[in-house]
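Down below is the structure, laid out as structure tokens.
The values are calculated or read from the model by the stated rules, or taken from the named source; none is laboratory data. None of the values given here were measured: they were computed from a predicted structure. Glycine also receives a Cβ, built like all others from the backbone with ideal geometry; neighbour counts cover every protein chain displayed. Heavy atoms of the whole protein, side chains included, go into the accessibility calculation; ligands, DNA and RNA do not. Shrake-Rupley method; radii C 1.70, N 1.55, O 1.52, S 1.80 Å.
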Amino acid sequence: EANVWDAIRIFFLGTCIIGIPLIMLYLFIKGFSIGFVVCFMIMNNGISATQTILMSILLPKLIYIPVLLFAAYYAIRFSFIALNALWPDLVKYLLKYLVVVVIFIMLMGLTGYIEGYLTFYGIENMV
């Protein structure tokens, strides 16, 4: 569910011009937090945390990170198009943007499923 909200946040930030730097900040915070968690797990558990890191962080983020980057790209692209487009063209671009956002939301739902269910069963089988 949180992954879907990430896509929705990026969508709304992409609909306004002021959202461009906020999208960049959002991506930085997400990347920093994922890196911090991985580094923290390695520092505390050493190399024995590798399986846990692979199952709990890498597997769900394998789809999440590229989808998040593409969603940010399309949001920033739409913001620049909205800055230069006239009203009839803007509606056409907005409809295209909405279709892409719905696809991103479905992919984020898939990453939420992987993170919520498949990761749980994978870690349970490791123990």
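Apply the membrane-span-like helix rule to the chain: whole DSSP H runs, Cα extent along the own long axis of at least 24 Å, mean Kyte-Doolittle hydropathy at least 0.0. List the helices found.
Once both thresholds are applied, what remains is 19-45, 59-84, 87-113.
Assuming 0.36 nm per residue, please report the length gained on full extension of the stretch T52 to A85 beyond their Cα-Cα distance.
Fully extending the segment from T52 to A85 adds 7.1 nm.
What does the charge count near L95 come to, summing +1 for each Lys or Arg and -1 for each Asp or Glu among other residues with Cβ under 15 Å from its Cβ?
+2
Using a Gaussian network model of the chain with C-alpha springs under 10 Å, which one of L94, L86, L68 is most mobile by mean-square fluctuation?
L86
Can you give me the three principal axis dimensions of the chain from its C-alpha atoms, in Å, biggest first?
So the extents along the principal axes, rounded to whole Å, are 58, 25, 16.
Roughly how compact is the stretch 18-63, stated as its Cα Rg over 2.2 N^0.38 Å to two decimals?
Against the empirical 2.2 N^0.38 Å value, I get 1.41 for the stretch 18-63.
Report the full-extension gain for the segment N44 to F70: residue separation times 0.36 nm, less the Cα-Cα distance, to one decimal in nm.
Gain on extension, N44 to F70, equals 6.1 nm.
Using a probe radius of 1.4 Å on heavy atoms only, what accessible surface per residue do you get for the chain? Whole Å² is fine.
65 Å²
What's the magnitude of the charge dipole for the chain around its Cα centre, counting Lys and Arg as +1 and Asp and Glu as -1 at the beta-carbon? Answer in Debye, nearest 20.
340 debye
Give me the accessible area of S56, 1.4 Å probe, in Å² rounded to the nearest 10.
30 Å²
Can you tell me the relative contact order of the chain? Whole percent, Cα pairs under 8 Å, sequence separation 6 or more.
44 percent
Using just the helices of the chain, give the 222 nm mean residue ellipticity in deg cm²/dmol: DSSP H runs with n ≥ 4 each add -39,500 (n - 2.57), and the total is spread over all residues, rounded to 500.
-28000 deg cm²/dmol
Using a 1.4 Å probe on the protein heavy atoms, what percent of the accessible area of the stretch 23-111 belongs to carbon and sulfur?
Solvent-exposed carbon and sulfur of the stretch 23-111 make up 80 percent of the total.
Name the lysines eligible as straight-distance cross-link partners of K30: C-alpha to C-alpha under 23 Å, and not fewer than 8 places from it in the same chain.
Cα-Cα hits under 23 Å: K61.
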